[in-house]
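Throughout, read-outs are computed from the coordinates displayed, never taken from laboratory work. Everything numeric in this text was worked out from a predicted model, so none of it was measured. All Cβ positions, even for glycine, are placed from backbone atoms using ideal geometry, and neighbour counts span all protein chains on display.
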Amino acid sequence: MSEQLLTLRGRIDAIDDEVLRLLNERARLAQEIGHLKNGIVYKPEREAQVVRRMQDNNAGPLPAESISVLYKEIMSACRALEQPLTIAYLGPSGTFSEAAAVKHFGHATHGLACPSIDEVFRAVERGEAHYGVAPVENSSEGAVNRTLDLLLNTSLRVCGEVMLRVRQHLMRQPGADVLNGITRVYSHAQSLGQCHEWLNRHLPAVETVPVASNSEAARLAGEDAATAAIAGELAAEHHGLAIVARDIEDEPGNTTRFLVLGREDTAPSGRDKTSLVLSTRNRPGSLLELLTPLAAHGIGLTRLESRPARNGAWEYVFYIDIEGHAADPAIQPALAEVEARSAFMKVLGAYPVAV
């Protein structure tokens, strides 16, 4: 081994020792702060501020995404010293919902896999989980309507969002001959739709079978060497499968947005978003009238989604995301005007923009 290599490794060892010392010092300070927060372990606005500051101060060569992952894991481990959080997500294990929960809260949590989005909401409402993660929209498939419907009546608050790049992989039993011998492909119907063109090109004669989840697809593929599954990397790890084709989704930028659900309001972080649901009075131009105060106050509208009001009267409710925090003095007058013009308005939550 060269003298130069030994020297460089020695410097790395010394840095690692210092990093370890500083991490433990940070953890002790976090514990002291925890004692002052009256049992509140997770502060979404503070954690978003920490990650943004580290990304802004990052001189490289590590990319911003790596800085985000590192600091979320550090904060996750520090949180667990006080109280490990239980996070409800749409199960079973190995789903993209679990991946979103891990991306946002780190690995030092307890995951609670739920059989439906309804159960994710109920687990948090009943106090069985501290927070929940639920999909709300996909860049290629659109809104997740069940989540929107549940938001209308829940007492929970939206306290965060997660943007997860959905990377679909073809997987099967280890040792299989890549694409040869596959007679059936399992996946969730949405994932099959997202990979439709790839399947037509590479496995045109193979039967595709929709199942309840991508994790269930991976489990089934693990039982039969002649089958494969389309799922995320986490599902392959959970079920011991080999990935034989990566990133097979037809839209390479395919992203799912998840909402983080909790029982408390979130304070401003400096870069926030507010989610609302409202309905208009049934008269011509009412939606335009409703949105006019936002434009007049210079508030950006980032999302507008309509859903039937479920009262059988052909009426609709509108889900709106705006830039800024509902508690911001610059936002409050606009929200007051919108509420005055609406038949119904509910602030679903104000929270940090996804880092």
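The table that follows gives values for the structure above.
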item: Given charges at beta-carbon only (K, R positive; D, E negative), |dipole| of region 3-81 in Debye; result: 380 debye
item: Charge-dipole axis of the chain as Lys and Arg at +1 and Asp and Glu at -1 on Cβ define it, positive-most pick from P115, S279, I40; result: S279
item: Region 102-149: C-alpha gyration tensor shape, a/c 1.5 cut-off, then a/b vs b/c; result: oblate
item: Entry for Rg and Dmax of the Cα atoms in Å (calculated from the structure that is shown) out of (i) 23.1, 81; (ii) 21.1, 66; (iii) 19.1, 59; result: (i)
item: Most fluctuating residue given options A27, A88, A14, as computed from a GNM of the chain linking Cα atoms under 10 Å; result: A14
item: Cα shape, region 186-273, gyration tensor, a/c 1.5 rule; result: prolate
item: For the chain, share of DSSP beta bridges that run antiparallel, in % to the nearest 5; result: 75 percent
item: Dipole magnitude (debye, nearest 20) for region 272-352, charges at Cβ of Lys, Arg, Asp, Glu; result: 320 debye
item: Computed helical MRE - 222 nm, the chain, DSSP H runs ≥ 4 contributing -39500 (n - 2.57), nearest 500; result: -12500 deg cm²/dmol
item: Span-like helix ranges in the chain, DSSP H, alpha carbon extent 18 angstrom or more, Kyte mean at least -1.0; result: 3-36, 64-82
item: Leading residue at positive end of dipole, the chain (Cβ point charges), from S140, S97, Y351; result: Y351
item: Dipole of the chain, positive end: most advanced residue of A129, Q168, A205 [Cβ charges, Cα centre]; result: A129
item: Size of electric dipole in the chain: Cβ of Lys, Arg +1 and of Asp, Glu -1, about Cα centre, debye, nearest 20; result: 580 debye
